[in-house]
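For reference, the structure discussed in these notes is given below.
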Amino acid sequence: MTEISLAETSVKLPPTQAELPCDDGIPMETQRHKYQMDLLIDTLLPWLEQRSDGYVGGNMFVYFSLAQLRNQDFRGPDFFAVLGVPKKERLSWVVWEEGKSPDVVIELLSESTAAQDKNEKKLIYQNLLRVPEYFWFNPFDPQDLAGFYLNHGVYQSITQNPENQLVSQSLGLALVCWQGNYKGVDATWLRWANLEGELLPTPQEMVDEERRNADQARQQADQAQQRADQAEAQLREVAVNLLQSGMSLEQVAKLTGLAESEVEKLVKWKLA
């Protein structure tokens, strides 16, 4: 059989991520939208570091069809996570290069995008990308939170469990609403938690926790030293009393466990 090289055929390979646009210059909707995306990504990265595979991205292009190039339809999800792929930097997520679509997608709603995220994009994730789990959340209206899982090709609603969690079966984690301060903004945020309800910490929370543990360890060491000093002082007092009762230096050393040199110092201190 004659070998035919690709150069001799008319087959044109699809573009790689290095050849595709990766920036449209459009920023996130608001500062809170940007912070919310950061919170979802930054808390998942340490969890991902414990795995040998996986990728998490946000506000970057996801290419699944060459039609996107013709239509200039590049805008990707606000957040997505993928397991079972190598850990490396990406310019964009190109499905035909990676061999799979994201496992989880989250869109952050706004007045200008809510209708598209709930309808057009939902259908794209369901019918074209076939993303196993899709969630949306409005950072300015936390009640507008929903999740869906792909069941026989159609999205079905994910019901919150008794702990008010939306569980991601793909990641084995849960999404929860958390009222608190993140980067100086008090709001209700969407956060990752384990199935026991423990929040995946932010980098700052991890630093704060390490600082609290270090402070606690120092306090425990100080308390232990104080107890040791008190015990030694009591032992010395016992030794002095025994010396005053007429016991010899050797007897006191044997009874108290103090070195004879220490007992001798007590004798000199007593006679001083």
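Check whether at least one residue in the range 58-76 is under 15 Å from the mean Cα position of the chain (by Cα), touching a residue at least 12 places away in the same chain (Cβ under 8 Å) and within 24 Å of residue 194 (Cα to Cα), and report yes or no.
There is at least one residue in the range 58-76 that is under 15 Å from the mean Cα position of the chain (by Cα), touching a residue at least 12 places away in the same chain (Cβ under 8 Å) and within 24 Å of residue 194 (Cα to Cα).
Checking residue 177 against (1) under 29 Å from residue 63 (Cα atoms); (2) touching a residue at least 24 places away in the same chain (Cβ under 8 Å); (3) in contact with a Pro (Cβ under 7 Å, 6 or more places away or on another chain), which single condition isn't satisfied?
Of everything listed in (1) under 29 Å from residue 63 (Cα atoms); (2) touching a residue at least 24 places away in the same chain (Cβ under 8 Å); (3) in contact with a Pro (Cβ under 7 Å, 6 or more places away or on another chain), residue 177 misses just condition (1).
When only residues in the range 89-113 that are surrounded by 20 or more Cβ atoms within 10 Å (Cβ to Cβ) and in contact with a helix residue (DSSP H, G or I) (Cβ under 9 Å, 6 or more places away or on another chain) count, which is farthest from residue 15 (Cα to Cα)?
109
Taking the stated definitions as given, is residue 149 in the same structural domain as residue 188 (by TED's automatic domain parsing), in a helix (DSSP H, G or I), in contact (Cβ under 8 Å) with a residue 12 or more places away in the chain and not basic (Lys, Arg)?
Criteria not met by residue 149.
Within the range 23-75, which residues are part of a loop (DSSP other than H, G, I, E, B), among the aliphatic types (A, V, I, L, M) and either surrounded by 19 or more Cβ atoms within 10 Å (Cβ to Cβ) or modelled with pLDDT of 85 or more (or both)?
Within the range 23-75, 60 is the sole residue that qualifies.
From (1) at pLDDT below 75; (2) surrounded by 13 or more Cβ atoms within 10 Å (Cβ to Cβ), pick out the condition that doesn't hold for residue 215.
(2)
The values are calculated or read from the model by the stated rules, or taken from the named source; none is laboratory data. Owing to the predicted nature of the structure, the values given are computational and were not obtained by experimental measurement. When we count neighbours, we look across all protein chains shown, and the Cβ atoms used for this are built from the backbone with ideal geometry, even at glycine.
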